[in-house]
Each structure stands twice: as structure tokens, then as C-alpha cells.
Amino acid sequence: EPIAGDLGLSMAQLAVAWVLQNPNVAAAIIGASRPDQVSDNVKASGVRLDAEVLKTIDEVLGDVVVRDPAMTARNAPATRPS
């Protein structure tokens, strides 16, 4: 929360911006039950987090997030339905 506050972002905006900047992510799937949540999520699409902010987030998250694309590929289904 302090990171989001320092950037003038809501927690949701920081989370969506962070996900969108992950090179292993093709798209962020977001949900909203109220129009203001949609608006909040859309504002995150233009946010660019600099390397220092991304590093700080990684430090806070510790080993919760795996960024190695080989790990993603290894755990993906071998085939996809057509």
C-alpha cells in the first residue's frame, strides 16, 4: 500500500500496472462489479513503473512470484484444445 500511495495510485491500479509490465503476461484478466472499478482499472493501462519501483515490489513480494518463463512453460498443458 505505501508503494501505491507514493505513486498516487490505488492498490488496484498498481496491481494491474505491475501485471501488465510482466514480460511473461500476455494480458491481464480483470473483473469489476461496479463502474468505478472499471474506471480505476482502465487508469492503470497507461502507468509505467520504473525499474526501481518494480525492484521494490519484488523485494516486498519475496519468492511469492516466479518470473522465470521456463517455469511457466514447464507447467503449461502439453496441448491446447483446438
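The values are calculated or read from the model by the stated rules, or taken from the named source; none is laboratory data. Given the structure is predicted, the values throughout are model-derived calculations rather than measurements. When we count neighbours, we look across all protein chains shown, and the Cβ atoms used for this are built from the backbone with ideal geometry, even at glycine. SASA here: full protein model, heavy atoms, side chains in, ligands and nucleic acids out. Shrake-Rupley method; radii C 1.70, N 1.55, O 1.52, S 1.80 Å.
Cβ-Cβ contacts under 9 Å between residues 6 or more apart (or on different chains), taken from a first residue in region 21-44 that is open to solvent by 80 Å² or more (accessible area, probe 1.4 Å) to a second residue that is at pLDDT below 90 and among the small types (Gly, Ala, Ser), are listed as Ile30/Ala44. Here is the figure for region 4-46: residues that are assigned to a loop (DSSP other than H, G, I, E, B), under 19 Å from Val66 (Cβ atoms) and small (Gly, Ala, Ser) total 3. For region 45-70, taking the residues that are open to solvent by less than 70 Å² (accessible area, probe 1.4 Å) and over 14 Å from Ala15 (Cα atoms), the one that is modelled with the highest pLDDT is identified as Gly62.
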